[in-house]
Amino acid sequence: CITLHRLEQNGLPDQSFGQNGVRVVSEFTNISGISSAVQKDGKILIAGHSIQPTTGPSGTDAILMRLNSDGSPDVTFGNESMVIIDLISVTETSHDRYAAVAVRPDGKYFLAGLSDKFSSPGRTRRYVTATQFNSDGSIDNTFGTNGISLMQVGDGETSAYFSTSLRLRTLRDGRLAVSV
């Protein structure tokens, strides 16, 4: 469950947001939020992952959710305010999560994350993932391969599970830098 709090400049809860300044996104109990961004119009993007797999045989799926500025779900975005995506393949076991989200100057959304694909018992291949979405929640197929870019970390074989942190920065020229 995701809980958002919004405060006024004086530190008191913003009464125009959710209930007494708090929005509990309880209708999505299997979702964990990792990162958020606010659009110029006040709409809120939340990037993270679903704990229960929804698109593949097993694992975790990446999610992007958009709320209106008052904290209510933006049902004009994705599928009733949310996009759930398996970044590796819907036929293979993987753990996918978004760890960072940025709103680009052209209104598109850039998301970066990590994916672990189980390659053999006790071993995984780790990827840094990048996805670009259009403002309506559809994948921007002009980016990467069908909207998704996978960059293998190191030799790819590791026994670690999501122990790597990820940072996303927008550069002055509009390019994005992802560090792991």
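How many residues are among the polar types (S, T, N, Q), over 17 Å from Ala130 (Cβ atoms) and not in a loop (DSSP other than H, G, I, E, B) if we restrict to segment 74-108?
So the first thing to find is which residues in segment 74-108 are among the polar types (S, T, N, Q), and the list is 76, 79, 81, 89, 91, 93-94.
Remaining after also requiring over 17 Å from Ala130 (Cβ atoms): 76, 79, 81, 91, 93.
Now narrow it down to the ones that are not in a loop (DSSP other than H, G, I, E, B): 79.
Here the count works out to 1.
As a summary of the residue check, Thr124 satisfies the conditions (1) loosely packed, with under 13 Cβ neighbours inside 10 Å; (2) at pLDDT below 85 except for the one numbered (1). Here Thr29 qualifies as closer than 30 Å to Asp116 by Cβ, at pLDDT below 90, surrounded by fewer than 14 Cβ atoms within 10 Å (Cβ to Cβ) and among the polar types (S, T, N, Q).
Return a yes/no flag: does segment 133-146 have any residue that is at pLDDT below 90 and open to solvent by less than 10 Å² (accessible area, probe 1.4 Å). Looking through segment 133-146, none of the residues is at pLDDT below 90 and open to solvent by less than 10 Å² (accessible area, probe 1.4 Å).
Applying a threshold of 9 Å to beta carbon distances and a minimum spacing of six or more residues, or different chains, the list of pairs starting in segment 143-159 at a residue that is over 21 Å from Ser179 (Cβ atoms) and ending at one that is open to solvent by 30 Å² or more (accessible area, probe 1.4 Å) and at pLDDT below 90 reads Glu157/Ser119; Glu157/Ser120; Glu157/Arg123; Glu157/Arg125; Ser159/Gly122; Ser159/Arg123. Of the residues making up segment 66-73, at least one is buried (at least 20 other Cβ atoms within 10 Å of the Cβ), modelled with pLDDT of 90 or more and not in a loop (DSSP other than H, G, I, E, B).
Table: residues versus (1) modelled with pLDDT of 90 or more; (2) within 17 Å of Gly137 (Cβ to Cβ); (3) open to solvent by less than 40 Å² (accessible area, probe 1.4 Å).
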{"position": "Ile34", "(1), (2), (3)": "no, no, no"}
{"position": "Ala37", "(1), (2), (3)": "yes, yes, yes"}
{"position": "Thr54", "(1), (2), (3)": "no, yes, no"}
{"position": "Gly59", "(1), (2), (3)": "no, no, yes"}
{"position": "Met82", "(1), (2), (3)": "no, yes, yes"}
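The values are calculated or read from the model by the stated rules, or taken from the named source; none is laboratory data. Treat the numbers as computed from the prediction; the structure is a model and nothing was measured. Because the Cβ atoms are built from the backbone with ideal geometry, glycine has one as well, and the counts that use them run over all protein chains shown. Side chains are part of the model used for accessible areas, which takes the heavy atoms of the whole protein and leaves out ligands, DNA and RNA. Shrake-Rupley method; radii C 1.70, N 1.55, O 1.52, S 1.80 Å.
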